[in-house]
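Asks: Could you have a look at this structure, given as structure tokens, before my questions?
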Amino acid sequence: MKKLLLGLVAGSLLATQLLAADAGMLRPDHPDDYVVQRGDTLWDISGRFLNEPWKWPEIWQVNPQIANPHLIFPGDRLTLVYIDGEPRIVLNRAGGGIVKLSPEVRSTALEDAIPAIPLEDINAFLTRSRIVGSGELEAAPYVIAGASGRVITGAGDQLHARGSFAPDEKSFGVFRSGQVFVDPDTGEILGKEAIEIGGVRLIAEDDGLGTLSVERSNKEIRIQDRLLPVMEQKITATFYPSAPQGDVSGVILAVEGGVANVGRLDVVVLNRGAREGLAEGNVLAIKKAGEVVRDPVTSELVRLPATPAGALMVFRVFEKMSYGLVLNAQHPIRVLDTITNP
């Protein structure tokens, strides 16, 4: 009986410790439930409940009885409950609680789901920028002339391009070479920025010479601009804020617009990608590089420790590089500041 009582006491203490540890994930002022509003992002909602928003997957209770259980829509009610002593967020679908998967289920457009991060701040960047490998842009078809031999063309015009056109490709982006990214530590060439100028559609092709209509343009299209097949790069709410699976250590290579200082909701280029295990939704801590000072005793130059400066979320991943959105910035951030696990 004594052993049984001791076991029960030990079990209760362990359960209490586990509950306390899990409860430590929650903000002291967390709500018991929250109704999703139009304009919300998953990052903002995670921050209402959690001290560390990237731990959202650890408390999200996926309900297989709900259509699109990974997606959250305006009007949905998120409720904090405890299941086996652990905090969980459960979803009550707007318009009738649990929605059974059946032919009569109410359909909701996927684009109405709340995004993980503010799409309006990155959507243009997603569609107009691409990182390509060595020689990829140079091997693509290129503009040789506009209609009637014109050098510059725009939306509504036609142009001619020369190169190898795949039989099943009709829609292309028109790209111009941007900067080449080099790893500051190893000297490895990580990729080249391809800046989208516009979009064209193939009308006819004969022996490697294509005639294309210009569907859209944000700059004047010029001869030698290159054509790359359109890639669908639409972000939805299907990924969560999460910590990387492994250890990540890198730097911010550049910021959209070419400015030196980085702030909240700026898009940054990172020197780490799928090769290093990064995935869409991964959250990384930003640390400000320590200043170099002179030791007053030895006169040696000493670099001070890096200090926490903010956080970013990876939203697009290439083999050796990634794009991220700065979610918060406690201190001014600059190019070459470091990124690490949160």
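Taken together, the values in this text are just the output of simple stated rules run on the coordinates, not laboratory data. The model shown is predicted, which means the values in this text are computed figures rather than measured ones. Glycine also receives a Cβ, built like all others from the backbone with ideal geometry; neighbour counts cover every protein chain displayed.
Asks: Net charge within 12 Å of residue 200 by Cβ-Cβ distance, Lys/Arg positive one each and Asp/Glu negative one each, not counting residue 200 itself? Don't skip to the answer; put the middle values down first.
Replies: Numbers: positive: 170, 201, 216, 226; negative: 157, 169, 196, 215, 225.
Summing Lys/Arg as +1 and Asp/Glu as -1 gives -1.
Asks: Less than 10 Å Cβ to Cβ from residue 262, Lys/Arg counted +1 and Asp/Glu -1: what total charge do the surrounding residues give? Walk me through the numbers on the way to the answer.
Replies: Numbers: positive: 264, 334; negative: 256, 266, 337.
So the surrounding residues net to -1.
Asks: Within the set of other residues whose C-beta is less than 11 Å from the C-beta of residue 244, count the net charge using Lys and Arg as +1 and Asp and Glu as -1. Could the numbers behind the result be given before it?
Replies: Details: positive: 272; negative: 247, 276.
Net charge around residue 244: -1.
Asks: Please compute the modelled spin-label separation between residue 139 and residue 249, points set 7 Å along Cα→Cβ, answer in nm with one decimal.
Replies: 3.5
Asks: Quickly rank 160-168, 137-145 as a protection proxy: mean count of other C-beta atoms within 10 Å, highest first.
Replies: Values: 160-168: 13.7, 137-145: 17.4.
So the peptides 160-168, 137-145, ranked by packing, come out 137-145, 160-168.
Asks: Using a Förster distance of 51 angstrom, determine the FRET efficiency expected from the C-beta separation of residue 84 and residue 222, and round it to 0.05.
Replies: Values: r = 63 Å, r/R0 = 1.24.
Given R0 = 51 Å and the Cβ-Cβ separation, E is 0.20.
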